[in-house]
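Working notes, beginning with the structure itself.
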Amino acid sequence: MFETKHISKSFGKLAALSDVSIIVEKGEVFGIAGPNGAGKTTLFNVISAVYTPTSGQVFFEDKDVTGRKPHEISHLGIARTFQIPTTFHTLSVYDNLRVGAIFGAGKPERVQEVLKFLDLESRQHTLARNLDLYTTKLVMLGATLATDCKLLMLDEPMAGLSIVEINKFLEVIRKVNQEKGITIIIIEHLLDILISITKRMMILSDGEMLYLGPSEKVTEDRRVVEVYLGGKGAGHHA
């Protein structure tokens with residue numbers, strides 16, 4: 001469904017990404033992890049057309065979408081969330097989702113459906129600025145779902161949440177994937193969380209692919225243990 005071929009991105013002399021090639025199958029939940037500054041968000045910015053790659057190509061549903069504009073990427077069915085929850089503070093929950101529906105390929109009637117799906121109906125008239133962090137993240141997710149996306153890219157969606165909230169959010173992600181059939185690429189710092197929700201993942205380090213393979217085998221990779229876990233082995237958070 002989705003592929004990057006030899007993606008590299010440089011800012012002046014800094015190589016933020018070097019020769020990153022991944023294939024994501026339809027219906028998959030694919031994980032990306034790595035230390036700070038590894039290039040994870042830069043890769044999302046290249047995929048979502050915020051940045052143009054220095055070299056390489058991005059394919060979506062067998063179409064070369066490299067160099068398209070962000071709104072064109074959205075209309076094709078690719079949506080993303082951001083590390084820092086981004087909502088329109090002065091708008092209600094309902095209107096935040098409506099913006100997503102209008103910007104993307106979704107239809108206004110999708111909004112009520114998504115509100116129900118995410119159990120946000122009781123909060124739909126609340127202004128976004130009055131929401132707690134967990135609900136704000138749900139609203140940002142809802143705005144992406146309202147675009148009627150086929151591929152959803154989540155950039156550290158669990159950051160700042162409590163353990164209880166993390167588990168609730170993981171259930172929501174599974175529900176989005178299984179009930180809506182949406183393909184998901186997720187960036188996450190905590191390896192154990194990624195292992196629990198993905199079958200395959202990539203580890204980036206200094207813009208390069210350090211590991212690409214089964215999630216449950218990632219902590220057996222010596223280089224991953226050294227770079228990502230500080231040589232402490234499995235079970236440790238990075």
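The values are calculated or read from the model by the stated rules, or taken from the named source; none is laboratory data. Quick caveat: nothing in here was measured; it's all calculated off a predicted structure. As a convention, Cβ positions derive from the backbone with ideal geometry for all residues, glycine included, and neighbour counts pool all protein chains shown.
Those residues that are part of a helix (DSSP H, G or I) and either in contact (Cβ under 8 Å) with a residue 60 or more places away in the chain or over 24 Å from the mean Cα position of the chain (by Cα) (or both), I need them from region 122-140; list them, please.
Here is the first cut: in region 122-140, the residues part of a helix (DSSP H, G or I) are 122-123, 128-130, 133-140.
Listed by number, the residues that qualify are SER122, ARG123, ASN130.
With THR81, THR66 as the choices, which residue is more than 30 Å from ASP221 (Cα to Cα) and among the β-branched types (Val, Ile, Thr)?
Working: THR81 fails: more than 30 Å from ASP221 (Cα to Cα).
Sole residue among the options that is more than 30 Å from ASP221 (Cα to Cα) and among the β-branched types (Val, Ile, Thr): THR66.
Quick one: VAL114 ticks every box in (1) crowded, with 18+ Cβ neighbours inside 10 Å; (2) modelled with pLDDT under 95 except a single one, so which number is it?
(2) is the only condition that VAL114 fails.
Can you name every residue in region 16-36 that is touching an Asp or Glu at 6+ places or on another chain (Cβ under 8 Å) and small (Gly, Ala, Ser)?
Answer for region 16-36, where residues must be touching an Asp or Glu at 6+ places or on another chain (Cβ under 8 Å) and small (Gly, Ala, Ser): SER18, SER21, GLY31, ALA33.
Which of the residues belonging to region 141-174 are out of contact with any helix residue (DSSP H, G or I) (no Cβ under 8 Å at 6 or more places or on another chain) and part of a helix (DSSP H, G or I)?
Across region 141-174, the qualifying residues are ILE163, VAL164, ASN167, GLU171.
Working carefully through the options GLY37, GLY56, find the one that is surrounded by fewer than 18 Cβ atoms within 10 Å (Cβ to Cβ), farther than 24 Å from THR136 by Cα and not charged (D, E, K, R). Break it down into steps so the answer makes sense when it comes.
Details: GLY56 fails: surrounded by fewer than 18 Cβ atoms within 10 Å (Cβ to Cβ).
Exactly one residue qualifies, and that residue is GLY37.
Got at least one residue in region 198-207 being within 28 Å of LEU97 (Cβ to Cβ), within 15 Å of the chain's Cα centre (by Cα) and not polar (S, T, N, Q)?
Looking only at region 198-207, we keep the residues that are within 28 Å of LEU97 (Cβ to Cβ), and these are 198.
Within this subset, residues satisfying the condition of being within 15 Å of the chain's Cα centre (by Cα) are 198.
Narrowing further to those that are not polar (S, T, N, Q): none.
No: zero hits.
Is it true that some residue in region 79-95 is surrounded by fewer than 20 Cβ atoms within 10 Å (Cβ to Cβ), in a strand (DSSP E or B) and in contact (Cβ under 8 Å) with a residue 24 or more places away in the chain?
yes
Having 2 or more residues that are of a type in the set (Phe, Trp, Tyr) is the bar; report the strands (runs of 3 or more DSSP E) wholly within region 1-71 that clear it. Please lay out each step first, then the result.
Numbers: elements: 2-11, 14-24, 29-33, 55-60.
So the answer is 2-11, 55-60.
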